[in-house]
Amino acid sequence: MTERATILCVLPAAVLVLGSLAAAAPPPSVNVTVPASVSFAVTRVNVSTTGSPNPFTVSYVGAVHFTGLAFRISVKAVASSFTPPAGPSIPASKVSWSIVSAQNGTGYNGTLSSTAYTIVYQSVVEPSSGGVSLTWSLAAPGAGGLRAGNHTLTLTWRLEAVVP
């Protein structure tokens, strides 16, 4: 009998107003859309699993007051490992992503960390809209006593106006 587990990363949607770099200038602002979650339907613990939705698209519109600035999107795991239904946990570092495409900027492949934000995307200077599409992957978690069921991990997105 094959047991099936769903590994879920909770990714809250975000709308953020970015702080101003100059006191007299209006603050940069942007509307960002992030899918609510990505899930990995693990059917074999000895192989990697692609996340769903695939591609996973983070987009933004209405970027204003980015004079001389770029827009950066980074991500970080809230914990060092998934919360399992019981038994051992899967390290957050088993999750990585590959860029499928980027609009009005550059996407960066990466691996999830709980200790530092990892850049996913950086826009061109003075963007108005754009985004990045990526494919999430969960490296083979290995048997090691893992239990079938929902394993969850929350991610935090950092959205910044930066000098390129």
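Laboratory data are not the source of any read-out in this text; all were calculated from the coordinates shown. Here the structure is a predicted model, which means the values were calculated and not measured. With ideal geometry, Cβ positions are generated from the backbone for all residues, glycine too; neighbour counts draw on all protein chains shown.
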Separation of alpha-carbon centers, the stretch 124-156 and the stretch 88-114, rounded to whole Å: 6 Å
Residues whose placed amide H lies under 5 Å from that of Gly110, excluding near-sequence neighbours: Trp97
Check: the stretch 5-162 dipole with +1 on Lys, Arg Cβ and -1 on Asp, Glu Cβ, in debye: 380 debye
Cα gyration tensor of the stretch 5-162 - equivalent ellipsoid semi-axes, whole Å, descending: 33, 15, 12
Phi-based couplings in Hz for the stretch 79-92 (Karplus 6.51, -1.76, 1.60; Gly and Pro marked x): 10, 6, 8, 5, 8, x, x, 5, x, x, 10, 9, x, 4
Karplus-derived 3J(HN,Hα), 6.51/-1.76/1.60, for each residue of the stretch 126-139, Hz, glycine and proline x: 6, x, 10, 7, x, x, 9, 10, 9, 10, 7, 9, 10, 4
Under-5 Å amide H pairs with Val120, H placed in peptide plane, nonlocal only: Ile73, Ser74, Val75
